[in-house]
Amino acid sequence: ALTDGNNTEWEAYLEQRQEYIRLAVAQLPPDQKRVLGMAFFQGYSHQEIADALHEPLGTVKTRIRLGMQKLRALLQEEQGD
């Protein structure tokens, strides 16, 4: 079992990671931010996002892919600091 001290450190680490993610997401273009939010926070499928936004499925998939690539790069930069 983890001691209270370790739990506190872990919680601080998680809070810091959440802040890094929030800052990274804030840097995404609005269209990428929107589709990632719909996919990961609202649970929409790619097709449901395409239907809701009246966009082609390929466009939605590209935005999700580009958004994830940018997030990955931004978070890797943050870890390098």
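The values are calculated or read from the model by the stated rules, or taken from the named source; none is laboratory data. If you're wondering where the values come from, they're calculated on a predicted model, not measured in any experiment. Cβ: placed from backbone, ideal geometry, glycine included. Neighbour counts: every protein chain shown. All accessible areas refer to the heavy atoms of the entire protein, side chains included, with ligands and DNA or RNA removed. Shrake-Rupley method; radii C 1.70, N 1.55, O 1.52, S 1.80 Å.
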Residue match in the range 11-19 (condition: basic (Lys, Arg) and either at pLDDT 90 or above or buried (at least 16 other Cβ atoms within 10 Å of the Cβ) (or both)): no
Quick check on the range 21-36. Is at least one of its residues within 16 Å of the chain's Cα centre (by Cα), acidic (Asp, Glu) and open to solvent by less than 70 Å² (accessible area, probe 1.4 Å)? yes
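Just a yes or no: is a residue in the range 17-37 more than 21 Å from Gln79 (Cα to Cα) and acidic (Asp, Glu)?
Going residue by residue through the range 17-37, those that are more than 21 Å from Gln79 (Cα to Cα) are 29-37.
Now narrow it down to the ones that are acidic (Asp, Glu): 31.
Yes, some residue in the range 17-37 is more than 21 Å from Gln79 (Cα to Cα) and acidic (Asp, Glu).
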How many of the residues in the range 38-58 are out of contact with any Leu (no Cβ under 7 Å at 6 or more places or on another chain), more than 26 Å from Gln79 (Cβ to Cβ) and not hydroxyl-bearing (Ser, Thr, Tyr)? 13
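State yes or no: is Ala39 without any contact (Cβ under 8 Å) to a residue 60 or more places away in the chain, surrounded by 11 or more Cβ atoms within 10 Å (Cβ to Cβ) and over 19 Å from the mean Cα position of the chain (by Cα)? Steps first, please.
On the way: without any contact (Cβ under 8 Å) to a residue 60 or more places away in the chain: yes; surrounded by 11 or more Cβ atoms within 10 Å (Cβ to Cβ): yes; over 19 Å from the mean Cα position of the chain (by Cα): no.
When the stated conditions are applied, Ala39 does not pass them.
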Any idea how many residues of the range 47-67 are under 22 Å from Ile21 (Cα atoms) and open to solvent by 50 Å² or more (accessible area, probe 1.4 Å)? 4
